[in-house]
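Worksheet for the structure shown next.
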Amino acid sequence: MSSILFEIKNSVAIITLNRPEKFNAFNREMSFLLQKILDDCVADKNIRCIYITGNGKAFSAGQDLSELTKEDAPGLDKILSEHYNPIVTRIRKIEKPIVCAVNGVAAGAGANIALCCDVVVASVSASFIQAFSKIGLIPDSGGTFILPRLIGFQKASALMMLGDKVSAEDAEKMGMIYKIFPDEIFAEESMKIATTLSQMPTKGLAYTKQALNFSIINSLEQQLKVEDELQFAAGSTYDYSEGVKAFLEKRLPVFKGE
Ligand code: LHQ
C-alpha cells in the first residue's frame with residue numbers, strides 16, 4: 001500500500017497521507033513521494049486545486065520517530081534539507097490553491113506543513129501540537145516563520161515551548177486555521193471549499209498567493225509595487241475578461257484557469 005494516496009476529482013487533486021498505523025508520520029520515502037506528487041500537480045494543467053488530508057485518526061504525527069534510530073537513518077540536517085524544507089517551499093510556491101483538511105491530530109512537522117497551506121480547515125476533533133520541544137528539538141517545517149504570524153509572537157512562543165495540544169476550536173479562535181466543521185460533515189464541507197477554488201480564476205489566485213508570500217517580509221511601499229505588477233498580470237488573463245463580461249451580462253462566469 002502506498003504511503004500517499006492520490007486521485008483527481010473535478011480538477012481537484014486529492015492527496016491523502018496514508019500510514020494510518022503510524023498516525024501518518026513522515027518517513028524518508030513518504031517525504032519524497034509527497035514532493036513528487038506536488039510536482040505532478042504543478043505539471044498537470046487540469047489540476048486547479050490541491051487538497052491534502054490524512055487517512056485514519058490522524059492528519060500526521062510529523063517525523064516518524066522510529067526511523068531516526070535505524071542504522072542508516074538520515075541525520076537531522078538531511079531530514080530538514082531533503083524532506084521537509086522542499087515540501088514547505090513547494091506548498092508556498094505552487095501557483096494553485098492548496099486546501100489542507102486536517103482530519104485529526106497534526107503534530108510536529110505534520111502541524112507545520114498543514115499550517116503553511118493556503119486554506120486550512122479542521123474537523124472539530126482534530127488538534128494541533130508543536131511537539132518538538134518534548135523531544136528536545138526546535139519547531140521546523142516553517143513553523144517558527146508562519147505560526148507567530150498567524151497567532152502572534154506570545155501565543156506561538158508559549159505553544160512552541162510548552163508543546164500544548166490545541167483543540168481545533170481554539171485553533172480557529174486564535175486564527176491558526178480558517179474554519180472547523182463537525183466531524184460528520186467535515187470531509188464533504190472541506191471538499192466543497194476545494195471544488196469552489198478549483199472553479200475560480202486559478203491565475204488570479206496564484207497571484208494572490210504570491211502577493212501574500214511577499215507581504216510577510218515587504219514594506220508597504222514594496223508591497224504596493226508587488227500589487228501593481230501582479231494586478232497587471234491578473235488583468236491580462238482570460239478569466240479576468242470573462243469575470244467582467246459575465247458580471248455585465250448578468251450570468252455566472254465560466255473560468256478556465258487561464
Ligand atoms: C508514531 C508517531 C511518530 C512514529 C504516533 N512516529 N510513530 C525534524 C527534524 C528531524 C528529526 C525529527 O523530526 C523533525 C520534525 C518533527 O516532526 S519532530 C516531532 C515528531 N513528532 C512527535 O514528536 C509526535 C509524537 N507523537 C505523539 O506525541 C502522539 O502520538 C500524538 C500526540 C501525535 C498522538 O497521541 P495519541 O492519540 O495518544 O496516539 P499514540 O501516541 O498512541 O499513537 C498512535 C500510534 O501512532 C502509536 O503506534 P502503536 O503501534 O503504539 O499503536 C504511535 O507509536 C504511532 N505514532 N506518532 N511521530
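The values are calculated or read from the model by the stated rules, or taken from the named source; none is laboratory data. As the structure is a computational prediction, the values presented were derived from the model and not from experiment. Glycine also receives a Cβ, built like all others from the backbone with ideal geometry; neighbour counts cover every protein chain displayed. What goes into the accessible areas is simple: the full protein's heavy atoms, side chains included, and nothing from ligands, DNA or RNA. Shrake-Rupley method; radii C 1.70, N 1.55, O 1.52, S 1.80 Å.
Of everything in the stretch 233-255, what is assigned to a loop (DSSP other than H, G, I, E, B) and surrounded by 13 or more Cβ atoms within 10 Å (Cβ to Cβ)? Give them in sequence order.
Our first condition is that a residue be assigned to a loop (DSSP other than H, G, I, E, B); within the stretch 233-255, this holds for 236-237, 249-255.
237, 253, 255, listed by residue number.
Scanning the stretch 179-216 for residues that are of a type in the set (Val, Ile, Thr) and surrounded by 21 or more Cβ atoms within 10 Å (Cβ to Cβ), which turns out nearest to residue 95 (Cα to Cα)?
Applying the filter and picking the extreme gives 202.
Go through the stretch 1-107 and tell me which strands (runs of 3 or more DSSP E), entirely inside it, have 1 or more residues that are within 20 Å of residue 119 (Cα to Cα), in contact (Cβ under 8 Å) with a residue 24 or more places away in the chain and within 15 Å of the ligand (Cβ to nearest atom). Give the derivation first.
On the way: elements: 4-9, 12-17, 49-54, 58-60, 98-102, 105-107.
In the stretch 1-107, 12-17, 49-54, 58-60, 98-102, 105-107 are the strands (runs of 3 or more DSSP E) which contain 1 or more residues that are within 20 Å of residue 119 (Cα to Cα), in contact (Cβ under 8 Å) with a residue 24 or more places away in the chain and within 15 Å of the ligand (Cβ to nearest atom).
Among what's in the stretch 114-127 and is within 26 Å of residue 214 (Cβ to Cβ) and free of Cβ contacts under 8 Å to residues at least 60 places away in the same chain, pick the residue that is farthest from the ligand (Cβ to nearest atom). Give the steps one after another, and end with the answer.
To start, the set of residues in the stretch 114-127 that are within 26 Å of residue 214 (Cβ to Cβ) comprises 114-121.
Next, from what is left, pick out any that are free of Cβ contacts under 8 Å to residues at least 60 places away in the same chain: 116, 120.
On the way: 116: 14, 120: 17 Å.
Selected residue: 120.
Taking the stretch 92-127, which residues are open to solvent by less than 10 Å² (accessible area, probe 1.4 Å) and acidic (Asp, Glu)?
Selection gives nothing.
Please count how many residues of the stretch 137-164 are out of contact with any Cys (no Cβ under 8 Å at 6 or more places or on another chain) and near the ligand (Cβ under 10 Å from one of its atoms).
6
Do you know which of the residues in the stretch 128-146 that are polar (S, T, N, Q) and surrounded by 22 or more Cβ atoms within 10 Å (Cβ to Cβ) is farthest from residue 210 (Cα to Cα)?
The selected residue is 130.
Table: residues versus (1) within 20 Å of residue 203 (Cα to Cα); (2) at pLDDT 95 or above; (3) in contact with a Ser or Thr (Cβ under 8 Å, 6 or more places away or on another chain).
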site: 2; (1), (2), (3): no, yes, no
site: 36; (1), (2), (3): no, yes, no
site: 43; (1), (2), (3): yes, yes, no
site: 51; (1), (2), (3): yes, yes, yes
site: 59; (1), (2), (3): no, yes, yes
site: 67; (1), (2), (3): no, no, no
site: 73; (1), (2), (3): no, no, no
site: 77; (1), (2), (3): no, no, no
site: 90; (1), (2), (3): yes, yes, no
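Of everything in the stretch 217-232, what is open to solvent by 30 Å² or more (accessible area, probe 1.4 Å) and in a helix (DSSP H, G or I)? Give them in sequence order. Break it down into steps so the answer makes sense when it comes.
Let us first name the residues in the stretch 217-232 that are open to solvent by 30 Å² or more (accessible area, probe 1.4 Å), namely 217-222, 224-225, 227-229, 231-232.
Correct list: 220, 221, 222, 224, 225, 227, 228, 229, 231, 232.
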